[in-house]
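Please read the structure below before turning to the comments.
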Amino acid sequence: MARYTGARCKLCRREGQKLYLKGDRCYTVKCAFDRRSYAPGQHGQGRKKISEYGLQLREKQKARRFYGVLEKQFRNYYHKAARQPGVTGENLLRLLERRLDNVVYRLGLAASRSEARQLVRHGHFIVNGRRTNIPSFLVRVGDEITVRERSKESPRVKELMERAAENTPPVWLEYNPDQAKGRVLALPTRDQIDAPVKETLIVELYSK
């Protein structure tokens, strides 16, 4: 499957906003965005007039990169959200939040969504008693996400479990540090999603 393998800090610089794609590094003085907050490339510091379409495109790209999904995946999420009752933009963000890799990250069991995606792919988590290695798996209310017993011996997983014990997950999730188990209490509402995107611009882009 295709995936982005370039420098992630360039993505934050291109969007003009911290997307916290590299986990702990984003909170240190080594963060590339803090040192060079302008867009990458020789014309990155130039002043550009952005069209309405450009604003919509940048918002879509920002959302894609924040959640780490490909263009085709993102388009499919939009079409699925448009078919659901309610506000399309909120439905879209809710679908992205329900991805297993995002839930693992929200529980504090990964430093970034890219690390969460790798851990899921390597089979470190069990959903409702079944080993699941699909990062795009959509969780539902009542689903339980548990760290696999064999995985608890991994030094990195141990470190992440200690981290999760001190982490406060979103209100729509709960985490039991004694059992290394998370649970989906409800589907998130828009005010419970801290994604730095204006979903209305994305809807306008795809509605053309």
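The values are calculated or read from the model by the stated rules, or taken from the named source; none is laboratory data. Every value quoted in this text rests on a predicted model; they were computed, and no experiment measured them. Ideal geometry is used to build each Cβ from the backbone, glycine not excepted, and the neighbour counts take in all protein chains shown.
Within the range 47-88, being surrounded by 18 or more Cβ atoms within 10 Å (Cβ to Cβ), modelled with pLDDT of 95 or more and not aromatic (Phe, Trp, Tyr) holds for ALA81, THR88. Scanning the range 163-184 for residues being exposed (fewer than 14 other Cβ atoms within 10 Å of the Cβ), among the hydrophobic types (A, V, I, L, M, F, W, C) and either in a loop (DSSP other than H, G, I, E, B) or under 18 Å from the mean Cα position of the chain (by Cα) (or both) gives a total of 1. Every condition in (1) in a helix (DSSP H, G or I); (2) surrounded by 12 or more Cβ atoms within 10 Å (Cβ to Cβ) holds for ASN133 except the one numbered (1). Here LEU119, LEU160 are screened, and the one residue that is farther than 20 Å from ARG98 by Cβ, buried (at least 17 other Cβ atoms within 10 Å of the Cβ) and within 18 Å of the chain's Cα centre (by Cα) is LEU160.
Looking only at the range 182-191, decide whether some residue is β-branched (Val, Ile, Thr) and out of contact with any helix residue (DSSP H, G or I) (no Cβ under 6 Å at 6 or more places or on another chain). Yes, the range 182-191 has at least one match.
Among the residues of the range 114-132, are any touching a residue at least 40 places away in the same chain (Cβ under 8 Å) and either assigned by TED's automatic domain parsing to the domain that holds ALA63 or in contact with a Cys (Cβ under 9 Å, 6 or more places away or on another chain) (or both)? Scanning the range 114-132, I find no residue that is touching a residue at least 40 places away in the same chain (Cβ under 8 Å) and either assigned by TED's automatic domain parsing to the domain that holds ALA63 or in contact with a Cys (Cβ under 9 Å, 6 or more places away or on another chain) (or both), so the answer is no. When residues in the range 92-109 are screened for being buried (at least 24 other Cβ atoms within 10 Å of the Cβ) and over 11 Å from the mean Cα position of the chain (by Cα), 3 of them pass.
Going by the structure shown, is ASP191 within 25 Å of ASN76 (Cα to Cα), modelled with pLDDT under 95 and acidic (Asp, Glu)? It is true that ASP191 is within 25 Å of ASN76 (Cα to Cα), modelled with pLDDT under 95 and acidic (Asp, Glu). Selection of the range 131-156 for residues being of a type outside the set (S, T, N, Q) and over 24 Å from VAL69 (Cα atoms) yields GLY142, ARG148, GLU149, ARG150, LYS152, GLU153, PRO155, ARG156.
Among the residues that make up the range 141-148, is at least one of them out of contact with any Cys (no Cβ under 8 Å at 6 or more places or on another chain), under 30 Å from VAL87 (Cα atoms) and part of a strand (DSSP E or B)? So far as the range 141-148 goes, yes, one or more of its residues are out of contact with any Cys (no Cβ under 8 Å at 6 or more places or on another chain), under 30 Å from VAL87 (Cα atoms) and part of a strand (DSSP E or B).
Summed over the range 163-202, the residues that are within 24 Å of LYS62 (Cα to Cα) and among the β-branched types (Val, Ile, Thr) give a count of 5.
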